[in-house]
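Enquirer: Below you will find the structure I want to go over with you.
The values are calculated or read from the model by the stated rules, or taken from the named source; none is laboratory data. Not measured: the values here are computed from a predicted model. Backbone-built Cβ (ideal geometry, glycine too); neighbour counts: all protein chains shown.
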Amino acid sequence: MSSIYEQIGGAPAVDAAVDIFYRKVLADDRISDFFDGTDMDAQAAKQKAFITMALGGPNQYTGKDMRAAHKHLVKRGLSDSHFDAVVENLGATLQELGVPAATIGTIAESLGGLRNDVLDR
Amino acid sequence: MARLTYRGGSFEAEDGESVLECLERAGCAPPSSCRSGQCQSCLMKATSGSLPPAAQQGLKDAWRAQGLFLACACRPTEDLEVADADGGALEVAATITGREVLSDEVVRIRLATGSPFEYRAGQFVSVIRPSDRLTRPYSLASLPSEPQLELHVRRVPGGRMSAWLCDEAPIGEPVQLRGPAGECFYLAGEEQPLVLAGTSTGLAPLVGIVRDALDRGHRGPIALYHGSVRASGLYLADELDTLATHPNVRVVRSVLEGPTPDGVVQEGLDALVLGSGHDLKAARAWLCGAPELVRLLKKKLFLAGMPLKAIASDPFVVAPAGA
Ligand SMILES: Cc1cc2nc3c(=O)[nH]c(=O)nc-3n(C[C@H](O)[C@H](O)[C@H](O)COP(=O)(O)OP(=O)(O)OC[C@H]3O[C@@H](n4cnc5c(N)ncnc54)[C@H](O)[C@@H]3O)c2cc1C
Ligand code: HEM
């Protein structure tokens, strides 16, 4: 079976999703502080990596990498509520791009499997 | 921990330390300026070992392939052998041929190169002072079709390169140039709306880009914003007025405080740009000058619907005090 990444159109679809998602998180007071880096292009590149991974696209990351990548954010207070907000924003982004609700549910569920890694527990 | 080899010496880079910081501790660092991966002053070459991707961000492909990298952005995770970037092959000799006072703060410097120097209007070059290899980036206001390169240099109090260029170096003085670099140049569909905004000498690349766009027959609307805290930071009024006679071009000059000369409004650049009804989903933007303003505007334009890829910016990051 093809991955959700392939179903929604691969790299071009992810490119379209990055701007929408980034705009949403920057406008979301619950989590914007985590994403408000000085170099927006570098931040966008990391979010592209995030979305690719969330959709099951080709990526090099392991759960251990997710632990390392977010450790400095956990020190700054990253918690379950932030995690939920990110998943919510990704869901809203995909909805805007016309991804069916059932598919979004599957994605959210699979991201849940990374919760303990991202939150370093 | 990674081991650095340089000029026959061997140095331990501490965790998270950049090559620049490590070599500074050892007292043998290359020249540097912005220390944040923007200006390419601290270019070095890796002769063995592998570079983290961030170390080559923003470098042209040909340079990447040669193992060139930025010492300030390179935090090595494994052993690395590094050398000075090969001056001869990467640099072009130039001489200072002209100096013209544009305002109390800004001087126009003209340079002639000894051999052809390819660039796009709006890119920046590294200017290297031969006597001590002091290196600083300056943006190009000229077009490649013109015989000389043109820089707008703002006199910074206590500034080493800017004081030398503006007041000390005699006409005929040699300098070395490296580059060009940067993504700030005309690249757009002929009908696209163009929005250009800059503070102080951030105007230099923007006038280059506007003139280049017009030369290439750009037909869409062009809005050029020049802002400064006070009127003393504005310059080039006559040339901007001439540009504004072109039917496609609108020029807006603004200050934040103090007296407003004729034709200058008192409002923040961000409010002006965002409040002017530009079709941001269709436009391209170029933002240059004070880093805080460039970053603020970039974020606001993006949040207002502009694709990130449609925004080119050069924050003029200066060397930190004491460096
Ligand atoms: C991509 C890029 C393009 C650039 N293009 C231009 C250009 O076209 N024209 C131009 O004039 N400059 C430009 N700059 C800035 C330029 O490279 C130098 O940083 C600037 O001229 C100061 O160098 P200096 O050697 O004179 O001062 P330094 O000797 O490096 O600085 C002296 C002291 O002054 C402080 N200082 C310097 N500038 C400021 C400031 N604005 N506000 C507060 N403190 C300051 C420094 O922190 C330091 O303590 C650009 C920078 C970048 C990154
Ligand atoms: C399932 C959940 C998540 C996944 C799969 C994920 C994935 C990723 C990936 C792949 C990167 C790039 C790492 C790199 O290459 O450096 C990254 C970086 C980042 N993530 Fe996440 N992430 C998740 C949750 C979150 C949450 C909840 C937040 C904050 C609210 C967050 C904030 C960030 C930030 C700010 C960065 C950039 C870090 C930096 O600049 O150093 N992430 N994430």
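Enquirer: State which residue pairs qualify: first residue within 11 Å of chain B (Cβ to nearest Cβ) and within 18 Å of A:LEU73 (Cβ to Cβ) and inside region A:37-56, second residue in a helix (DSSP H, G or I) and within 9 Å of ligand 2 (Cβ to nearest atom) in any location, beta carbons under 7 Å apart, and separation of 6 or more residues or different chains.
Expert: The qualifying pairs are A:GLY37/A:GLN43; A:GLN43/A:PHE35.
Enquirer: Among the strands (runs of 3 or more DSSP E) contained in region B:251-323, which hold 2 or more residues that are within 14 Å of chain A (Cβ to nearest Cβ), aliphatic (A, V, I, L, M) and crowded, with 16+ Cβ neighbours inside 10 Å?
Expert: Numbers: elements: B:264-266, B:284-289, B:311-315.
Answer list for region B:251-323: B:284-289, B:311-315.
Enquirer: If you don't mind, another one. Taking the residues in region A:12-36 that are within 14 Å of another protein chain (Cβ to nearest Cβ) and near ligand 2 (Cβ under 8 Å from one of its atoms) as candidates, determine which candidate is modelled with the highest pLDDT. Talk me through it step by step, then tell me what you get.
Expert: Kept after step one, since they are within 14 Å of another protein chain (Cβ to nearest Cβ), are these residues of region A:12-36: A:12, A:14-29, A:32-33, A:35-36.
When the remaining residues are screened for being near ligand 2 (Cβ under 8 Å from one of its atoms), the result is A:25, A:35.
Details: A:VAL25: 95, A:PHE35: 88.
Result: A:VAL25.
Enquirer: Additional query: If you check A:TYR5 against the conditions, is it within 14 Å of chain B (Cβ to nearest Cβ), of a type in the set (Ser, Thr, Tyr), assigned to a helix (DSSP H, G or I) and surrounded by 13 or more Cβ atoms within 10 Å (Cβ to Cβ)?
Expert: Numbers: within 14 Å of chain B (Cβ to nearest Cβ): no; of a type in the set (Ser, Thr, Tyr): yes; assigned to a helix (DSSP H, G or I): yes; surrounded by 13 or more Cβ atoms within 10 Å (Cβ to Cβ): yes.
Answer is no for this residue.
Enquirer: Let me ask something else about it. Would you call A:LEU90 more than 14 Å from chain B (Cβ to nearest Cβ) and within 28 Å of B:LYS300 (Cβ to Cβ)?
Expert: Details: more than 14 Å from chain B (Cβ to nearest Cβ): yes; within 28 Å of B:LYS300 (Cβ to Cβ): yes.
Yes: the conditions hold for A:LEU90.
Enquirer: So which residues in region B:198-229 are assigned to a loop (DSSP other than H, G, I, E, B) and under 22 Å from the mean Cα position of the chain (by Cα), if there are any at all? Explain how you work it out, then say what you get.
Expert: As a first pass, look at region B:198-229 and keep what is assigned to a loop (DSSP other than H, G, I, E, B): B:216-221, B:229.
Once the filter is applied, which keeps residues that are assigned to a loop (DSSP other than H, G, I, E, B) and under 22 Å from the mean Cα position of the chain (by Cα), region B:198-229 yields only B:VAL229.
Enquirer: Take the residues of region B:22-49 that are in contact (Cβ under 8 Å) with a residue 24 or more places away in the chain, farther than 22 Å from B:PHE124 by Cβ and not in a loop (DSSP other than H, G, I, E, B): which is farthest from the chain's Cα centre (by Cα)?
Expert: Among them, the one singled out is B:SER48.
Enquirer: Next question, about the same structure. When you check B:ALA71 against the structure, is it touching a residue at least 24 places away in the same chain (Cβ under 8 Å), surrounded by fewer than 22 Cβ atoms within 10 Å (Cβ to Cβ) and assigned by TED's automatic domain parsing to the domain that holds B:ARG7, yes or no? Break it down stepwise before answering.
Expert: Values: touching a residue at least 24 places away in the same chain (Cβ under 8 Å): yes; surrounded by fewer than 22 Cβ atoms within 10 Å (Cβ to Cβ): no; assigned by TED's automatic domain parsing to the domain that holds B:ARG7: yes.
When the stated conditions are applied, B:ALA71 does not pass them.
Matching residues to (1) more than 9 Å from ligand 2 (Cβ to nearest atom); (2) in contact with a strand residue (DSSP E or B) (Cβ under 8 Å, 6 or more places away or on another chain); (3) assigned to a helix (DSSP H, G or I):
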residue: A:VAL74; (1), (2), (3): yes, no, yes
residue: A:ALA85; (1), (2), (3): no, no, yes
residue: A:LEU90; (1), (2), (3): no, no, yes
residue: A:VAL99; (1), (2), (3): yes, no, no
residue: A:ALA102; (1), (2), (3): yes, no, yes
residue: A:ALA108; (1), (2), (3): yes, no, yes
residue: A:ASP120; (1), (2), (3): yes, no, no
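Enquirer: Taking the condition in contact with a strand residue (DSSP E or B) (Cβ under 7 Å, 6 or more places away or on another chain), outside the structural domain of B:ARG129 (by TED's automatic domain parsing) and more than 25 Å from B:ARG230 (Cβ to Cβ), does B:ALA204 pass?
Expert: Numbers: in contact with a strand residue (DSSP E or B) (Cβ under 7 Å, 6 or more places away or on another chain): yes; outside the structural domain of B:ARG129 (by TED's automatic domain parsing): yes; more than 25 Å from B:ARG230 (Cβ to Cβ): no.
No: the conditions fail for B:ALA204.
Enquirer: Let me ask you something else. Does region A:58-67 include one or more residues that are within 14 Å of chain B (Cβ to nearest Cβ), in a helix (DSSP H, G or I) and surrounded by fewer than 17 Cβ atoms within 10 Å (Cβ to Cβ)? Please lay out each step first, then the result.
Expert: If we filter region A:58-67 for residues that are within 14 Å of chain B (Cβ to nearest Cβ), which is where we start, we get A:60, A:65.
With the extra rule that they be in a helix (DSSP H, G or I), the set shrinks to A:65.
Within this subset, residues satisfying the condition of being surrounded by fewer than 17 Cβ atoms within 10 Å (Cβ to Cβ) are A:65.
Yes, region A:58-67 contains a residue that is within 14 Å of chain B (Cβ to nearest Cβ), in a helix (DSSP H, G or I) and surrounded by fewer than 17 Cβ atoms within 10 Å (Cβ to Cβ).
Enquirer: Considering only residues of region B:22-53 that are away from ligand 1 (no atom under 16 Å from the Cβ) and of a type in the set (Ser, Thr, Tyr), which is farthest from the other protein chains (Cβ to nearest Cβ)?
Expert: Quick first cut of region B:22-53, residues away from ligand 1 (no atom under 16 Å from the Cβ) only: B:22-23, B:25-28, B:44-53.
Checking which are of a type in the set (Ser, Thr, Tyr) leaves us with B:47-48, B:50.
On the way: B:THR47: 27, B:SER48: 24, B:SER50: 15 Å.
The residue in question is B:THR47.
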